[in-house]
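Working notes, beginning with the structure itself.
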Amino acid sequence: MRIDAHVHYSTEEGYVDRLVEEERRLGFDRVCLNGAVWSEHRDANDEVARARERYPDVIVGFGYFPLGEWGVETVRELREQGFQGLKFIRPPARYDDKVFYPVYEAAEELGMVCLFHLGIVARTPQDREHDVNNERHRPIYLDTIARSFPSLKIVGAHLGNPWYDEAGMACRWNPNLYFDLSGSSLKKRPPEFFKLILWWTETGQYRDPEGRHAWEKIVFGSDVGIEQIEDVMNDYQRTMEAIGLRQELQQAVLGNTMAKLLGLAG
Ligand SMILES: [Zn+2]
């Protein structure tokens, strides 16, 4: 199964129809569409819910969830509406601040996959108003959360760019922590770079606690406009081919791992 785990809702005319058409053309079975509108600080969760009703076999809903503004009851409401995941970005404190723990606890209990923006966010004119602080997006804070909520399914975006080393080691030590490679990294970094960050295998002295290969913890996410999804897919495949990743692992990255996280047949 192929899954695009990281797609933002867009208010463009006919967006959902065109998105589904393009993802199908590229061979994707499911699209995790989140309600965080591109570069805006507003939620489009209702629009995502409608997209799900329109394409129930394709669209997997991820609710935009502004930490610090909404409470646990909203996590439950989103789950009841059929959302299978949550998307976090621009928190008012570090991601591992204890004030957010009830949200993570509810998501863990409800089996919702949590997609966290990591690293530097795009700059907008509202950054001062929203007190944007990229330090709060460091991957090491997902390490704290992963240890505190061992059943919470966590996906960190962009391999933590620019905190790749932190992301890599947090990935190795936490069985419930996964990453996508969306963003500029696949363009600016050579394949060898990813081999250095995601270095462990099923064998050898230094393994992850479950003996999984590093790339079993990586998922495909495009995080771009419709026109660039194919390009991101090509970047993933080019990188995986260049480092000689075996087919089974490439298929895991392109969807089978995310299918397991979402409880879909892999
Ligand atoms: Zn995103």
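Out of curiosity, is residue 221 assigned to a loop (DSSP other than H, G, I, E, B), within 16 Å of the ligand (Cβ to nearest atom) and either closer than 21 Å to residue 257 by Cα or among the polar types (S, T, N, Q) (or both)? Before you say what the answer is, go through the steps one by one.
Numbers: assigned to a loop (DSSP other than H, G, I, E, B): yes; within 16 Å of the ligand (Cβ to nearest atom): yes; either closer than 21 Å to residue 257 by Cα or among the polar types (S, T, N, Q) (or both): yes.
Answer is yes for this residue.
State all residues of segment 1-29 that are assigned to a strand (DSSP E or B) and either of a type in the set (Asp, Glu) or away from the ligand (no atom under 16 Å from the Cβ) (or both); if no residue qualifies, say none. First the steps, then the outcome.
Initially, segment 1-29 is screened for residues assigned to a strand (DSSP E or B), giving 3-8.
4 - this is the single residue of segment 1-29 that is assigned to a strand (DSSP E or B) and either of a type in the set (Asp, Glu) or away from the ligand (no atom under 16 Å from the Cβ) (or both).
Between 92, 150, which is under 29 Å from residue 198 (Cβ atoms), part of a loop (DSSP other than H, G, I, E, B), away from the ligand (no atom under 16 Å from the Cβ) and out of contact with any helix residue (DSSP H, G or I) (no Cβ under 6 Å at 6 or more places or on another chain)? First the steps, then the outcome.
Details: 92 fails: under 29 Å from residue 198 (Cβ atoms).
After applying the criteria, what remains is 150.
Please go through segment 176-197 and pick out each residue that is within 16 Å of the ligand (Cβ to nearest atom) and farther than 18 Å from residue 230 by Cα. Talk me through it step by step, then tell me what you get.
Keep residues of segment 176-197 that are within 16 Å of the ligand (Cβ to nearest atom), which gives 178-186.
Once the filter is applied, which keeps residues that are within 16 Å of the ligand (Cβ to nearest atom) and farther than 18 Å from residue 230 by Cα, segment 176-197 yields 178, 179.
Please work out which residue is nearest to the ligand (Cβ to nearest atom), limiting yourself to segment 104-129 and to residues that are outside any helix (DSSP H, G or I) and acidic (Asp, Glu).
So in segment 104-129, the residues outside any helix (DSSP H, G or I) come out as 111-129.
From what is left, the residues that are acidic (Asp, Glu) are 127, 129.
Numbers: 127: 16, 129: 20 Å.
Checking each candidate, the answer is 127.
Kindly establish whether residue 98 is among the basic types (Lys, Arg) and surrounded by 14 or more Cβ atoms within 10 Å (Cβ to Cβ). Talk me through it step by step, then tell me what you get.
Numbers: among the basic types (Lys, Arg): yes; surrounded by 14 or more Cβ atoms within 10 Å (Cβ to Cβ): no.
So residue 98 does not fit the description; no.
Would segment 198-218 turn up any residue that is surrounded by 21 or more Cβ atoms within 10 Å (Cβ to Cβ), in a helix (DSSP H, G or I) and within 16 Å of the ligand (Cβ to nearest atom)?
no
Search segment 153-167 for residues being of a type in the set (A, V, I, L, M, F, W, C) and either assigned to a loop (DSSP other than H, G, I, E, B) or within 12 Å of the ligand (Cβ to nearest atom) (or both), and hand back the single one that is farthest from residue 112 (Cα to Cα). Outline the logic, then answer.
Step one: filter segment 153-167 for residues of a type in the set (A, V, I, L, M, F, W, C), giving 154-155, 157, 159, 163, 167.
After this cut, where a residue has to be either assigned to a loop (DSSP other than H, G, I, E, B) or within 12 Å of the ligand (Cβ to nearest atom) (or both) as well, the list is 155, 157, 163.
Numbers: 155: 11, 157: 16, 163: 25 Å.
Among them, the one singled out is 163.
Checking residue 240 against (1) under 17 Å from the mean Cα position of the chain (by Cα); (2) in a helix (DSSP H, G or I); (3) hydrophobic (A, V, I, L, M, F, W, C), which single condition isn't satisfied?
(1)
Residues are listed down the side, and each one gets a yes or a no for (1) at pLDDT below 95; (2) under 27 Å from residue 171 (Cα atoms); (3) surrounded by 20 or more Cβ atoms within 10 Å (Cβ to Cβ); (4) touching a strand residue (DSSP E or B) at 6+ places or on another chain (Cβ under 9 Å):
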{"site": "48", "(1), (2), (3), (4)": "no, no, yes, yes"}
{"site": "54", "(1), (2), (3), (4)": "no, no, no, no"}
{"site": "62", "(1), (2), (3), (4)": "no, yes, yes, yes"}
{"site": "94", "(1), (2), (3), (4)": "no, yes, no, no"}
{"site": "116", "(1), (2), (3), (4)": "no, yes, yes, yes"}
{"site": "142", "(1), (2), (3), (4)": "no, yes, yes, yes"}
{"site": "146", "(1), (2), (3), (4)": "no, yes, yes, yes"}
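What about residue 20, is it without any contact (Cβ under 8 Å) to a residue 60 or more places away in the chain and within 19 Å of the chain's Cα centre (by Cα)?
yes
The values are calculated or read from the model by the stated rules, or taken from the named source; none is laboratory data. Given the structure is predicted, the values throughout are model-derived calculations rather than measurements. All Cβ positions, glycine included, derive from the backbone under ideal geometry; neighbour counts span all protein chains shown.
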